[in-house]
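Read the figures in this text as sums done on the coordinates, not as results from a lab. As the structure is a prediction and not an experimental result, all values here were calculated from the model. Neighbour counts are summed over all protein chains in view; Cβ atoms, including those assigned to glycine, are modelled from backbone coordinates with ideal geometry.
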Amino acid sequence: MKVSGFSFIRNAIKYDYPIEEALRSILPLCDEVIVAVGNSEDKTRKLIEDISPSKIKIIDSKWEENLREGGRVLALETDKAFQGISKDSDWAFYIQGDEVLHEKYLPIVRSEMEKNLENKEVDGLLFNYIHFYGSYDYVGSSDRWYKHEIRVIRNNQDIFSYKDAQGFRKMPNQKLRVKKIPAYIYHYGWVKDPKAMQGKQETFHTLWHDDEWMNKNVLPADEFDYSEIDALSRFAGTHPEIMKERISRKNWTFEHDLSKNKISFKEKFKRTIRKGIGISIGEYRNYVELKK
């Protein structure tokens with residue numbers, strides 16, 4: 001069984017992306033990792049080059065700055081990396097620049113890839129998600145956070161990145177058939193120095209919206225205001241070993257009063273249904289989950 005990893009990144013240092021930790025977290029599973037490195041204003045390319053010269057292959061890319069439509073440029077960059085993997089790879093592990101796989105899940109992911117290798121009905125593997133917010137001590141607990149996403153796909157060039165690169169589909173526009181596995185992706189996209197987070201917000205919204213929308217909805221500021229959040233809970237687990245050095249360098253403080261969580265009546269009702277009969281009302285599912 002041959003496995004390729006793939007990802008994309010731009011301005012990782014400027015906006016404090018844990019891309020090194022992301023790529024290192026999947027390297028033990030991969031025979032190669034293809035990274036589309038966009039035209040950056042920092043030393044992102046050098047950072048990627050130095051991670052694992054024997055395994056990581058770089059595709060130099062220029063982002064389409066004028067494509068301000070629903071984050072579509074992110075999907076295009078994802079597709080560039082996916083199209084660069086070796087033809088003889090069986091599976092492709094997709095990891096974004098702010099996601100990390102905990103080492104405790106490495107045996108599970110490998111086992112599931114081996115188990116489903118010959119089952120061509122399975123297009124990919126579906127992961128659970130933990131979303132950190134504000135600091136490494138809190139996780140999002142409201143329904144605003146997506147709970148699952150596809151991160152391992154079969155090496156089928158009919159598969160493409162969908163919309164803003166959150167998921168995948170298969171030509172012409174079919175949802176992938178996936179198996180959910182007992183493994184989690186740790187999402188750190190909302191944990192940064194407030195200055196870096198504000199810079200990221202002001203830049204990344206331009207990938208979705210025009211100048212008029214930006215002027216109305218994204219006001220310039222020195223730091224991002226983490227206090228505007230509906231509901232969080234304390235993280236009770238352990239972070240990936242690869243994240244410990246980054247966590248030790250944290251130089252800002254964020255605290256959240258859990259008693260002030262703001263959960264709407266609608267969300268409380270949906271939680272009651274989910275706990276009672278196991279059905280998630282209104283959950284976005286860009287996939288078909290196979291039960292057997």
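Quick look at the numbers
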read-out	value
Residue-span extension gain [D88 to E245] - 0.36 nm each, minus C-alpha spacing	53.0 nm
Cross-link reach list, lysines versus K163, counting only Cα pairs under 22 Å and skipping chain neighbours closer than eight places	K62, K80, K147, K175, K179, K180, K200
Chain lengthening between R234 and E121 when straightened (0.36 nm per residue, less Cα-Cα)	36.8 nm
Mean Cβ neighbour count within 10 Å, used as a protection proxy, ranking 173-183, 54-64 highest first	173-183, 54-64
Listed residues F6, I181, S161: farthest to the positive end of the dipole of the chain (Cβ charges)	I181
Environment charge at I108 (Cβ cut-off 13 Å; Lys +1, Arg +1, Asp -1, Glu -1)	+3
Filtered trypsin sites (Lys or Arg not before Pro), segment 67-113: DSSP coil and at most 11 other beta carbons within 10 Å	K87
Gain upon complete extension [S111, H205; 0.36 nm per residue less C-alpha separation]	30.0 nm
Positive-pole candidate from I56, V109, G84, dipole of segment 53-144, charges at beta carbon	I56
Amide proton proximity set for I159, modelled H, under 5 Å, gap of 5+	M171
In Hz, Karplus ³J(HN,Hα) per residue of segment 31-36 (6.51, -1.76, 1.60; θ = phi - 60°; x = Gly, Pro)	7, 7, 9, 9, 10, 7
Scattering profile of segment 1-75 at q = 0.14, 0.21, 0.22 Å⁻¹ [log10 I(q)/I(0), Debye over alpha-carbon scatterers]	-0.45, -0.93, -1.00
Spread of Cα-to-Cα distances over 10 Å intervals beginning at zero, given as percent, for the chain	6, 26, 36, 25, 7, 0
Dipole in debye (nearest 20) - the chain, about Cα centre, beta carbon charges: Lys, Arg +1; Asp, Glu -1	1240 debye
DSSP-assigned coil residues among trypsin sites (Lys or Arg not before Pro) in segment 1-41, each with at most 16 further Cβ atoms within 10 Å	K2, K14
Under 11 Å, Cβ to Cβ, from S40 - net charge with Lys/Arg +1 and Asp/Glu -1	+3
